[in-house]
Amino acid sequence: MKHLISTAVLILLISAFGCSDQKDYGNFVEGLSYLDKRPVRIEIEDGKIKSVVSIKRLSDPGSNIYISPGLIDNQVNGFMGVSFVDTRDELTHEGISLITTSLWEKGVTSYFPTLTTNDHQIYLKNLALLAAAKEDPVLLGSIPGFHLEGPYISPVDGFRGAHPLIHVRKPDWEEFMELYEASKENILQISLAPEVEGAMDFIRKCSDIKSVVGLAHHNGTTEEITGAIDLGARLAIHLGNGLANTINRHRNPLWAQLADDRMSIGMICDGIHLLPEQIRVFYRAKGPERIIMTSDVSALGGMPVGKYLNDIGDTLEITPEGAIIYPAQQVLAGSAQDLSTGVGHVMEVTGCSLAEAIRMASTNAARLYGLDDRGELKPGMRADIILFTMEDFNMDIKKTIVAGETVYSTLD
Ligand SMILES: [Zn+2]
């Protein structure tokens, strides 16, 4: 851990000093557009996109490098050994920086630190830390806000997932307002179960603030789900996960959330959390306009294969296949893959285009959360741009530009 954090500091120093000559004033970047695979040149000025122009051919005509907006991940629980809800109380600014700079290397230019069900005091401390990190100029605005997943979820085994029962509670607006204040009003999403006592009142109140309501870890009836959507709930969190293994074939939360066009769905496309046929069916039901791909990546994301002790002393294992399992119960314990894995996987199993995959991994999230300055390559938007190859459905990030600054590059 100590070693990781010193690495983070080093990365920060490199990005702070190494990029000082790359303000990208009047800079250009080229690639094959993710929309139609035609060559484009983008001019960057003062951290924003100044122009996007079609060109006859790239400067290197043999290049197979695509260009697209940076990925936006609304659900990052941690990465590189750092957790946003470490019960040992060890989250630090350096840890947040390490996650941010490591995600840049994966093409993720914006992400929502996600705090799962936990103790009130840890929430307060970590939200305050995150609110400070959000304003850190070195992190270039890559954290637009935070996602609170829980603690107002189902206490029932299976639906609760890996959220600790001891911290699950009923919706409490006063408590939430304390957390919202600690976050400096930056909780952009609150995800809860619609069937728990007080949930409907809570959702109604959320319409007064800028938080999007997601439904997560629940066993809501069709009436409860529809009622929540009527009151403004807009996203089914990681559909198909956070659900008990044994459910009623008719009366379960999947159908109502899939059937209602007002609701978008979050989908974990790491190749492990959902079967290919599930992804195909979800994609057909919702279409690329109502899917937000999410990594749900855990603190063990980005770490090598092996066994690790988590913060409460349980042994977790990253398998060679890339799954994180809790061997004692043989269940999944979060995802090990960042969002770039999902882009290739969703294309492979649904046959969707690169344009649709990027829409699901960037544009849709920006629109849902009102982040009007990102998620597309258009003049006036933040210059959050990635260059990458796509071979055998493997997205390989070559260069990442955040707010006009090159923060990662394997190119000359
Ligand atoms: Zn979850």
Q.
Taking the number of other C-beta atoms within 10 Å as the exposure measure, put Arg382, Arg249, Arg160, Arg262 in order starting with the fewest.
A. Arg249, Arg262, Arg160, Arg382
Q. Mind checking which of Val196, Val402, Val343 has the largest fluctuation in a GNM of the chain, springs on alpha carbons under 10 Å?
A. Val196
Q. What residue among Thr222, Thr100, Thr116 has the largest mean-square fluctuation in a Gaussian network model of the chain, using Cα springs under 10 Å?
A. Thr222
**Q.** Dipole of the chain, positive direction: furthest Cα of Leu58, Asn245, Leu354, with charges on the beta-carbon
**A.** Leu58
Q | Calculated FRET efficiency for the pair Glu197/Leu411, C-beta based, R₀ 51 Å, to 0.05 | A | 0.40
Q.
Per residue of segment 388-400, what does 6.51 cos²θ - 1.76 cosθ + 1.60 with θ = phi - 60° give for ³J(HN,Hα)? Whole Hz please, x for Gly and Pro, Karplus curve as stated.
A. 7, 9, 9, 10, 6, 6, 10, 7, 10, 6, 9, 7, 10
Q. Relative contact order (percent) for the chain, with alpha-carbon contacts under 8 angstrom and 6 or more residues of separation?
A. 20
Q: Can you pull a Stokes-Einstein diffusion coefficient for segment 237-286 at 25 °C (0.890 mPa s), Rh from Kirkwood over Cα pairs, as a whole number of µm²/s?
A: 214
Q. With N residues in the chain, what two-decimal value do you get for its Cα radius of gyration over 2.2 N^0.38 Å?
A. 0.94
Q) For the cross-link pairs Lys134/Lys307; Lys125/Lys399; Lys37/Lys286, which exceed 30 Å when the distance is taken from alpha carbon to alpha carbon? A) Lys134/Lys307; Lys125/Lys399
Q. If each of Leu124 and Leu309 carries a label point 7 Å out from its Cα toward its Cβ, how far apart are those two points in nm?
A. 2.9
Q: Treat every Asp and Glu Cβ in segment 298-412 as -1 and every Lys and Arg Cβ as +1, leave all other atoms uncharged, and give the resulting dipole magnitude about the Cα centre to the nearest 20 debye.
A: 280
Q. Counting other Cβ atoms within 10 Å, which chymotrypsin sites (Phe, Trp or Tyr not before Pro) in segment 169-243 have at most 10 and lie in a DSSP loop?
A. none
Q. Gap in Å between the Cα centre of segment 192-228 and the Cα centre of segment 269-329?
A. 25
Q.
As a test of understanding, state the convex hull volume per residue of segment 163-293 from its alpha carbons, in Å³.
A. 125
Q. What residues qualify as long-range amide H neighbours of Gly266, i.e. H under 5 Å apart, gap of 5 or more or another chain, H built at 1.01 Å from N?
A. Ala236, Ile237, His238, Leu239, Ile292
Q: Work out from phi, with θ = phi - 60° and the Karplus expression 6.51 cos²θ - 1.76 cosθ + 1.60, the ³J(HN,Hα) of each residue of segment 236-249, listed in order in whole Hz, and give x for Gly and Pro.
A: 8, 6, 5, 4, x, 10, x, 9, 5, 5, 10, 10, 5, 5
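Every number here is computed from the coordinates shown, using simple stated rules; none is lab data. Since the structure is predicted, the reported quantities are computational estimates derived from the model, not experimental observations. Here Cβ is always computed from backbone atoms with ideal geometry, including for glycine, and neighbour counts include all displayed protein chains.
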